[in-house]
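Input: a single structure, listed below in structure tokens.
Please treat every number below as a calculation from the coordinates, not as lab data. Worth saying up front: this structure is predicted, and the values here are computed from it rather than measured. Please note: Cβ atoms are built from the backbone with ideal geometry, for glycine as well, and neighbour counts cover all protein chains shown.
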Amino acid sequence: MTPSSTFAAWATAGLMALGPAAAASDVPPLASVVVATSGATHLSSYDGVVEALRQTVLAAQVPGAVTALSVSAGDRVKAGQVLLRLDARVAEQQAGAAAAQVQAARAAQDAATKEFARQQQLFEKDFISRAALERAEALHKSAQAQAAAQLAAAAAARAESGFFTVRAPYDGVVAEVAVVLGDMALPGRPLLTLYDPAALRVTAAVPRTAEPTKGSVLHVELPGVDARIAPVRWQVLPAVDPRTHTVQLRLDLPAGTAAAPGMFARAWLPGAPGAARLSVPARALVRRAELTAVYVIAEDGRPLLRQVRLGPVTGEQIEVLAGLGAGERVALDPQAAARVR
């Protein structure tokens, strides 16, 4: 063995003997901050869902095939606008027949009225008996009743023919179309779902112990909206779920809020005063797709990526609801921490 190879083997053995301590010394120092706590009043968040105060499922009232479909999901419609039509040929023929029967009944009524008038004149001159006059009067009243019945039947036929045209009951947005052209609509079968985008609310299940009181300041957080939204009003339903011991909290959103029914939302409620709160600088956060994390400095000085759950923002500080403990150190430069191996 040559002297050079002997020196290389000795150096390698020495580095192996140093172990993690030597490796740790190679980690460059990173700017960091200690996670501290404060006793200020914190906010608690509860998951919720966006609902429409007015949401209507339009169903068929009469059977018929769908012959015209004027809207699709996502379309905005006006009150009274035609949404779809059903095959109404049979109903139109029935309405025409009812109208003809009304004309016949009115003609019979006119004839009975004239006949009754003649019988009255004859009775006054003692040409007929009272029994004959009473029979003429009965025929007159029967003709009047038949004309009224035919008129009501014709009105019902016209009203039923209107059921074959489905119109929007109010200004709104079409959320779902459950039929296509040619489908057979039956009474009670849903055709479209319509909602009013001007009246939305967020509904969340809140523990009974966290129920807000009168005068509490509440906020709503929606995906894609940077600022929190203050509801125009909120209400706690009096019923308590016996299984989860939660109450339903409803927060009405301001008109014009960009949201849709079924969208995820988060309700922020004031928590107990004096509770410990952890916060980190906003520049220490790492956001990758749906992951929100920070680099926590381990005992050996190496940064470790850890997922956290965030709370409200106060200036340059962001509250951490879960994932960190008091006294831990967080790297202030995530990019520099990511380069450490």
*In the neighborhood of Leu30, defined by Cβ-to-Cβ distances under 11 Å, what is the net charge if each Lys or Arg adds +1 and each Asp or Glu adds -1?*
+2
*Once you have the Cα-Cα distance between Leu321 and Leu304, take 0.36 nm times their residue separation minus that, and quote the gain in nm to one decimal.*
4.2 nm
*With a/c under 1.5 counting as rounded, go ahead and sort the chain into rounded, prolate or oblate using the C-alpha gyration tensor (a ≥ b ≥ c being the square roots of the eigenvalues; past the cut-off, prolate if a/b is larger than b/c, else oblate).*
prolate
*Tell me, what is the percent relative contact order of the chain, built from C-alpha pairs under 8 Å that lie six or more residues apart?*
27
*Using only Cα atoms, tell me the angle between helix 3-18 and the longest principal axis of the chain; keep it within 0 to 90° and round to the nearest 10.*
50
*Measure nothing but the geometry: give the 0 to 90° angle between the long axis through the Cα atoms of 89-124 and the longest principal axis through the Cα atoms of the chain, rounded to 10°.*
30
_Please arrange Tyr195, Tyr170 by how many other C-beta atoms lie within 10 Å of their C-beta, fewest to most._
Tyr170, Tyr195
*Work through the residues other than Ala132 whose Cβ is under 15 Å from its Cβ and net out their charges, Lys, Arg +1 and Asp, Glu -1.*
-1
_Relative contact order [Cα under 8 Å, 6+ residues apart], the range 108-253, whole percent_ = 17
*Which cross-chain or sequence-distant (5 or more) residues have an amide H under 5 Å from the amide H of Val320, H modelled 1.01 Å from N in plane?*
Leu278, Ser279, Val280, Gly311
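Just in the range 183-231: which trypsin sites (Lys or Arg not before Pro) are loop by DSSP and have at most 13 other Cβ atoms within 10 Å?
On the way: sites: Arg201, Arg208, Lys214, Arg228; in loops: Lys214, Arg228.
The qualifying sites are Lys214.
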*Residues Glu319, Glu290 arranged by fewest to most Cβ contacts within 10 Å*: Glu290, Glu319
*Cα long-axis angle, helix 130-162 against the chain (0 to 90 degrees, to the nearest 10)*: 20
*Of Ala107, Ala322, Ala259, which is the most mobile in a GNM of the chain whose springs link Cα atoms less than 10 angstrom apart?*
Ala107
*Based on the Cα coordinates of the range 89-162, what is the per residue volume of their convex hull in Å³?*
56
*Would you kindly work out the equivalent ellipsoid of the range 162-269 from its C-alpha gyration tensor and give its semi-axes, the square roots of five times the eigenvalues, largest first in whole Å?*
34, 18, 12
